[in-house]
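Shown next, in structure tokens, is the structure this report addresses.
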Amino acid sequence: MPLPAPNELIDRLAEQIRPTLTPDCALIGIHTGGVWVMEELARRLGGELPCGSLDIAFYRDDFSRIGLHPVVKPSHIGFDIEGRRLLLVDDVLYTGRTVRAAMNQLFDYGRPAAIRLAVLVDRGGRELPICPDFSGYKFDLADDRHLSLTRDAAGALGFVQGAA
């Protein structure tokens, strides 16, 4: 079965998330694909939610092994997260290490009341005990395969699969 289009998966996520929203909720996207998904979710959920972004490059546990990404993007959280319910958003959940790094970074900003996880695709293969609360699509992808979200110049989202 082919992977559904990203916009269809974002619609699914929005439907799952909408009933759980509270007035103290905020969205935080993980650069880069998670920010794209968060922006689309915010539009579908009404656009009134505070939104922020994280670049977890310096929080990765494999930083010394893989080095710094060529482009480090700034993290931006323009609101107080203390006591707030956060929805952490990423594009593809694999080992769980990116999510762990994002949570470590979030606690540098304060202590949220709760952190829930929304991912566009859960591809399996976890190395850490991290599970999404909301997922647009779940399927198993072999460890030697790679899945990434792309965005073209017009803003259209797509998926690229290939060898890792």
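Here's the yes/no breakdown for (1) among the aliphatic types (A, V, I, L, M); (2) more than 14 Å from residue 34 (Cα to Cα):
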| site | (1), (2) |
| --- | --- |
| 119 | yes, no |
| 122 | no, no |
| 127 | no, yes |
| 131 | no, yes |
| 135 | no, no |
| 139 | no, yes |
| 146 | no, yes |
| 153 | yes, yes |
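For the stretch 113-134, the criterion of being farther than 25 Å from residue 21 by Cβ and acidic (Asp, Glu) is met by at least one residue. Take residue 108 and tell me if it is of a type in the set (Asp, Glu) and either modelled with pLDDT under 95 or part of a strand (DSSP E or B) (or both). Against the criterion (of a type in the set (Asp, Glu) and either modelled with pLDDT under 95 or part of a strand (DSSP E or B) (or both)), residue 108 qualifies. Contact map, the stretch 104-115: residues that are at negative phi and of a type in the set (D, E, K, R) paired with residues that are outside any helix (DSSP H, G or I) and surrounded by fewer than 18 Cβ atoms within 10 Å (Cβ to Cβ), Cβ distance under 7 Å, separation 6+ or inter-chain. Pairs shown: 111/82. Among the residues making up the stretch 12-33, a single one is of a type in the set (Gly, Ala, Ser), in contact (Cβ under 8 Å) with a residue 60 or more places away in the chain and assigned to a helix (DSSP H, G or I): 33. The single condition among (1) within 22 Å of residue 163 (Cβ to Cβ); (2) out of contact with any Ser or Thr (no Cβ under 9 Å at 6 or more places or on another chain); (3) aliphatic (A, V, I, L, M) that residue 113 does not meet is (1).
Among the residues in the stretch 7-28, are any at pLDDT 95 or above, touching a Cys at 6+ places or on another chain (Cβ under 6 Å) and surrounded by 12 or more Cβ atoms within 10 Å (Cβ to Cβ)? Yes, the stretch 7-28 contains a residue that is at pLDDT 95 or above, touching a Cys at 6+ places or on another chain (Cβ under 6 Å) and surrounded by 12 or more Cβ atoms within 10 Å (Cβ to Cβ).
If you go through the stretch 127-147 and keep only what is outside any strand (DSSP E or B) and surrounded by 15 or more Cβ atoms within 10 Å (Cβ to Cβ), you end up with 130, 132, 133, 141.
The values are calculated or read from the model by the stated rules, or taken from the named source; none is laboratory data. Everything quoted here is computed from the prediction, not taken from an experiment. A quick note on method: Cβ atoms are made from the backbone with ideal geometry, for glycine too, and the neighbour counts reach across all protein chains shown.
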